[in-house]
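Novice: Shown below is the structure under consideration.
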Amino acid sequence: MLESDAASEAEAALFLRCYGRGLMAEFLQQFVNGLAVGGIYALIALGYTMVYGVLKLINFAHGDLFTIGAYLGLTLLTSFGLADRVGPGVAVLLLVVMVMGFVAVIGIILERVAYRPLRNSPRLSAVVSALGASIFFQNAVMLIYGARFRVYPQNLLPKISLNLLGIYIPLVKILVLVVCVIMMVGLYLFIQRTTIGTAIRAAAIDQEAARLVGINVDGVITLVFIIGPALGGLAGLMVGILYGQIKFTMGWIYGLKAFTAAILGGIGNIPGAMLGGLILGVVEALGSAYISIAWKDAIAFCVLILILVVKPTGLLGERVAEKV
Amino acid sequence: MKFNRKRFYLAAVPIFFLVPLILNPYWVDVLNSIGLYALLGLSLNLIVGYAGLFNLGHAAFYAVGAYTSAILNTTYHIPILLLLPVAGLAAGIFALIVARPIIHLRGDYLCIVTIGVGEIVRIALINDVFGITGGANGIFGIARPRIFGMVIRTPHQFFYLIWLFVAITVFLFYRLEDSRVGRALNYIREDEVAAEACGINVAHYKLISFVVGATWAGMAGNIFAAKMTIISPESFSFWESVLMFTLIILGGAGSIEGVLLGAFLIIGLPEIFRELSNARMLFFGAAMIAMMIFRPEGLIPPVPKKYRVFSGTDRGETT
């Protein structure tokens, strides 16, 4: 009697430990997945938040710049055969540089053509123009690359998973997260510590005053449209490498989520965009694991609506210059 | 100018209603699509054009109307045209619930939230919410509408149903422009702060325009369901909302003639240039940017309202 009790107790304890650990591992696994996606959201969100900070404009076309980054990476890898020519390690570095550079150029052109002429128009004109630019880019990508899913070459990075505390983390995810963190910290230091960064912050607070103290505001805006699209394009490239397939419409859903992240952290606030991106990624991963995967996209939108209704300034947004 | 316009419409409207007699069913069907988008455009115009609220999730209300009609028709076999007010009411109530907490949000934020609402509705429909929306396949087998025992089936018959509804809508909305609500909305769009200072309850009127616009979209959804007999979530995607929005911006926000012209251009032109239909959204995108730069008020901007100022009898002032 006593013996069997002890035995069943031990069994129960073992069961609990395994089961509990399984649950924990599952949770951690989803958490890490969420962090990787969240890092990508954060990178895109930085573009939204910087443009909004300086121009008070939601750059709807930003999500499509992200798509362009992904497709450009695809072209460089498949048609251009970058990986075969220079080897995978150098290829990835070259890809990052070329994609960021090219998307930045498109960002500059976008600002010149679609936003600069509307600088002094009502703000909603600029929103319509941004929407038009988004439609234009999306359909341009569709006409060039076709409407179907395109597949990234799979041999780019070694398929290794690291085993950490019983959870398997693919090397790609770690790399993505590391790159995101490097970019975010780099941008933060650039904005906070350099003279140019100070100029950007000044222009974000008051364009007229910034102009009065001799800051080239047009230059600052161009710079913002270099940094933002470059980071967005990089995010597109990373989505391609991470998930292996891309579609011409993916920009707007990633864009909307990144915008949600920017608002979650407090729009115009750079650390806020990073924090918001990571939180949104984790919430979405956990939500799709524990609630329902079919509602994954709806979770982000619910978060968005809740924040705007309850706390429109976001988590880190301190400035409330206007009634939102 | 004003006189000419009136004369032009007096001549054009009867001709337009006779046109289907010489067109083949295909082109009449194109006109029917134009009519549906004209209805949607007019309803969205109430929100975007009159109140100046950027709503990019209008397809959600269209969907609520269409699905309400389809579900009630297929489950309880209620004649679909009788469900017209029910569809409108459902969409209106849904809009009231959704818009009440977000109506105070500033322009671009409202825009983002309405996109979110539209997407949530679409995802809910795909996921077969409450088990009644039929998931990604949608609902099929909606009964043909009947008027006085006559089944409406051919494009020609639908033409008169749809365009009669458009005509009634144009008349009502034209009357609305000069009503107390219309004037209040006009004021709010021009200067929200000044309107508030003059005692106009801004949030209240914005909500009215939002709910009425959504109600009309719901009724358009009912007609859409009756015409198609099959509805599925993909008919209510974000791009539908963008299409409605674009036709308003192109035609002239706040102008009924502008919206009708916009519907003809955006739905009709791609039918004429069919070879280029893949590139039509590309063209729309570029056109939206160009319009904002060169002609932000649209092709036919609303005519500024002139009101007779009555001589102030109570104070003895003259005008």
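Values quoted throughout were computed directly from the atomic coordinates according to the rules given, and no laboratory measurement underlies them. Source: prediction; values computed, not measured. Don't worry about glycine lacking a Cβ; one is built from the backbone with ideal geometry, like all the others, and counts go over all protein chains shown.
Novice: Under a point-charge model restricted to the Cβ atoms of Lys and Arg (+1) and Asp and Glu (-1), what is the dipole moment magnitude of chain A relative to its Cα centre, in debye to the nearest 20?
Specialist: The dipole magnitude comes to about 980 debye.
Novice: Sticking with this structure for a sec: Which one, A:Val178, A:Pro153, A:Ala230, is farthest towards the positive end of the dipole of chain A when Lys and Arg carry +1 and Asp and Glu -1 on their Cβ?
Specialist: Comparing the listed Cα positions along the dipole, A:Ala230 ranks first.
Novice: May I pose another question? Among the listed pairs B:Lys6/B:Lys227; A:Lys247/A:Lys296; A:Lys257/B:Lys206, give every one whose C-alpha distance is greater than 23 Å.
Specialist: As for pairs spanning more than 23 Å Cα to Cα, those are B:Lys6/B:Lys227; A:Lys257/B:Lys206.
Novice: Follow-up. Just from its helices, what would the mean residue ellipticity at 222 nm be for chain A, if runs of 4 or more DSSP H residues each count -39500 (n - 2.57) and the sum is divided by every residue, rounded to the nearest 500 deg cm²/dmol?
Specialist: Here the helix-only value at 222 nm equals -25500 deg cm²/dmol.
Novice: Let me ask you something else. Using the Cα centre of the range A:70-153 as the reference point, and only Cβ charges (+1 on K/R, -1 on D/E), how large is the resulting charge dipole? Debye, rounded to the nearest 20.
Specialist: 240
Novice: Taking the Cβ of A:Ile215 as the center, what net charge do the other residues with Cβ under 12 Å away carry, scoring Lys and Arg +1 and Asp and Glu -1?
Specialist: Summing Lys and Arg as +1 and Asp and Glu as -1 gives -1.
Novice: Okay, next question. In vacuum, with every alpha carbon of the range A:29-248 counted as one equal point scatterer, what does the Debye formula give for log10 I(q)/I(0) at q = 0.08, 0.09, 0.13, 0.18 Å⁻¹? Two decimals, please.
Specialist: Here log10 of I(q) over I(0) equals -0.31, -0.39, -0.78, -1.29.
Novice: What is the gain in length, in nm to one decimal, between B:Asn24 and B:Ala279 on full extension, counting 0.36 nm per residue of separation less the C-alpha to C-alpha distance?
Specialist: Full-extension gain reported as 89.2 nm.
Novice: Taking chain B as a Gaussian network, Cα atoms linked when under 10 Å apart, which of B:Pro25, B:Pro79, B:Pro101 shows the biggest mean-square fluctuation?
Specialist: Judging by the Gaussian network model, the answer is B:Pro101.
Novice: Please get the size of the charge dipole for the protein assembly as shown, origin at its Cα centre, with Cβ charges of +1 on Lys and Arg and -1 on Asp and Glu, quoted in debye to the nearest 20.
Specialist: 1460
Novice: I've got another one for you. Which net charge results for the neighbourhood of A:Ala298, defined as the other residues with beta-carbon distances under 14 angstrom from its beta-carbon, given Lys and Arg at +1 and Asp and Glu at -1?
Specialist: -1
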